[in-house]
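The values are calculated or read from the model by the stated rules, or taken from the named source; none is laboratory data. Just so it is clear, the model here is predicted, and its values are computed rather than measured. So basically every Cβ, Gly included, is an ideal-geometry build from the backbone, and we count neighbours across all protein chains shown. Surface accessibility is based on the protein's heavy atoms, side chains included, excluding ligands, DNA and RNA. Shrake-Rupley method; radii C 1.70, N 1.55, O 1.52, S 1.80 Å.
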Amino acid sequence: MYSSRFHWDLQRNRLTELLAAKRGQGARILDLTQSNPTRAEIEYPEELRRVFDDPGLLRYDPLPAGSLAAREAVAGYYRQRGHAVEPGRILLTASTSEAYSYLFKLLADPGDQVLVPRPSYPLFEYLARMESLEVRQYPLEYHAGWAIDIDALARAITARTRAVVLVNPNNPTGSYVKRGELEALMRIAAERGIALISDEVFSDYAFAADAGRVTSLAGVEDCAAFAMSGLSKIAGLPQMKLGWIVVAGPARLRAEAIEKLEWIADTYLSVGTPVQCAAPRLLEYGAAVQRQIRERTAANLAFAQQALAGTALEILAVEGGWSITIRVPRVRTEEEWCLELLDRDNVLVQPGYFYDFESEAFLVASLLTAPEEFREGIGRIVGRTARY
Ligand SMILES: Cc1ncc(COP(=O)(O)O)c(C=O)c1O
């Protein structure tokens, strides 16, 4: 009866089951997996409530790429970061996740492959399968810092590879693409006729400046490239449902990509008029939300570094983003650690295997967590795991 896309095991895992049981018993859980800014004690500016008080939103003038005013606001966001992006190269989507689906439709046929980083964000398998594509992984290697294994990436390319996905900075490793890596990737992409797709939703969240880092692929000219971002992370506003794609690369490829992306967008016209009308103000007031998130993640990182110093635990080097990865003793599996922490200490963290870490034992914690909860949770993790 139904499509073969849905081959996933939808059973709840042991951690989710234990969490439901604990919550059912009324336990107060210290949730160090909170990645939803609207539930993390962030103060949203009052003005955000009024951005939809606009007569313009009663008029429907659908444009596949999105309204010019909204795209100009997005262009302004890039201008502030030193990237000249004209609105004609921007296409609005309802989210970055939707942007992935548009780009996969643009670039690939059913059965084709996309390369994605490992470890990384676990949604790729779903995003690709929904478009009937296969995912192949390329490794990020850790040696006191994360780096793309370019040789392994090149070896993973087959005749059916259509794109390489970069998550910049990556989630949860917090590692940025470096200039040397981008040069190598552009060369490979141009030679093999494949595109680079850069997910830049966490790009504004660096903990320190680094001139060797790439902040956006919006200005790439040497190969087909697409930069994606959205309000969900840059303004802490996932509920507004506004993302975008910036089309980069050689002019000839760009023009064709824009035409085809508009065709895809026209099929759905999924971005609501209210959020397009409000986009300039959402970006403006969202800057205050971003500032709070930056302060929160930096303070939580500093606390965790201090709390773990001199223990058997290690925070892997992190350049940006909203997460930390903690290496814990391998006397238990990641799953056993997570279950024990939840069961005995009421602390919820994610096991590294959720993100496909190559080896054990890593725990992933969200730096977005409200400060008190984070501090208490980290303290309990240290108490439980550091004595081995
Ligand atoms: C790397 C990365 N990209 C994209 C998203 C989703 O963003 P959006 O809400 O715009 O779909 C997430 C959400 O956690 C993410 O971690």
Count of the stretch 1-49 residues which are among the acidic types (D, E) and in contact (Cβ under 8 Å) with a residue 12 or more places away in the chain: 4
Residue among R160, R155 that is more than 20 Å from the chain's Cα centre (by Cα), surrounded by fewer than 17 Cβ atoms within 10 Å (Cβ to Cβ) and free of Cβ contacts under 8 Å to residues at least 24 places away in the same chain: R155
Residue in the stretch 79-90 that is open to solvent by less than 60 Å² (accessible area, probe 1.4 Å), in contact with a helix residue (DSSP H, G or I) (Cβ under 8 Å, 6 or more places away or on another chain) and within 16 Å of the ligand (Cβ to nearest atom) present: yes
Tally, over the stretch 21-53, of residues that are under 27 Å from A304 (Cα atoms), open to solvent by 30 Å² or more (accessible area, probe 1.4 Å) and part of a helix (DSSP H, G or I): 3
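Identify, please: which residue in the stretch 234-243 is farther than 30 Å from A184 by Cβ and assigned to a helix (DSSP H, G or I) and is, among those, nearest to the ligand (Cβ to nearest atom)?
P238
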Close pairs from the stretch 236-251: first outside the structural domain of L368 (by TED's automatic domain parsing) and closer than 30 Å to E43 by Cα, partner open to solvent by 10 Å² or more (accessible area, probe 1.4 Å) and within 9 Å of the ligand (Cβ to nearest atom), Cβ under 6 Å, at least 6 apart: P238/S232; K241/A94; K241/S95; G243/S95; G243/T96
Positions within the stretch 338-358 being at pLDDT 95 or above and more than 24 Å from G26 (Cβ to Cβ), in sequence order: P351, G352, Y353, F354, Y355, D356, F357
First in the stretch 185-200 and on the phi < 0 side of the Ramachandran plot, second anywhere and aromatic (F, W, Y) and open to solvent by 10 Å² or more (accessible area, probe 1.4 Å), Cβ under 7 Å, 6 or more apart: none
Where a residue in the stretch 335-353 is of a type in the set (F, W, Y) and its partner, wherever it lies, is open to solvent by 40 Å² or more (accessible area, probe 1.4 Å), with Cβ under 8 Å and at least six apart: Y353/E335; Y353/E360
Filtered residue count, the stretch 339-359, keeping only those that are within 26 Å of the chain's Cα centre (by Cα) and of a type outside the set (A, V, I, L, M, F, W, C): 8
Test set (1) out of contact with any Gly (no Cβ under 9 Å at 6 or more places or on another chain); (2) over 29 Å from M186 (Cα atoms) - L261 fails condition number: (2)
The stretch 121-175, residues that are in contact with a Gly (Cβ under 9 Å, 6 or more places away or on another chain), small (G, A, S) and within 16 Å of the ligand (Cβ to nearest atom): G174, S175
Top-ranked residue of the stretch 207-233 - restricted to ones that are away from the ligand (no atom under 14 Å from the Cβ) and either assigned to a strand (DSSP E or B) or charged (D, E, K, R) (or both), ranked as surrounded by the most Cβ atoms within 10 Å (Cβ to Cβ): A225
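State which residue is surrounded by the most Cβ atoms within 10 Å (Cβ to Cβ) when the search covers only the stretch 234-264 and only residues that are on the phi > 0 side of the Ramachandran plot and under 20 Å from the mean Cα position of the chain (by Cα).
So, considering only residues that are on the phi > 0 side of the Ramachandran plot and under 20 Å from the mean Cα position of the chain (by Cα), the one surrounded by the most Cβ atoms within 10 Å (Cβ to Cβ) is G236.
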Pair list, Cβ under 8 Å, 6 or more apart: the stretch 67-94 residue closer than 15 Å to F226 by Cα, other residue of a type in the set (K, R) and surrounded by fewer than 20 Cβ atoms within 10 Å (Cβ to Cβ): V85/R79; R89/R254
Positions within the stretch 91-117 being over 17 Å from L196 (Cβ atoms) and within 15 Å of the ligand (Cβ to nearest atom), in sequence order: L92, T93, A94, S95, S97, E98, S101
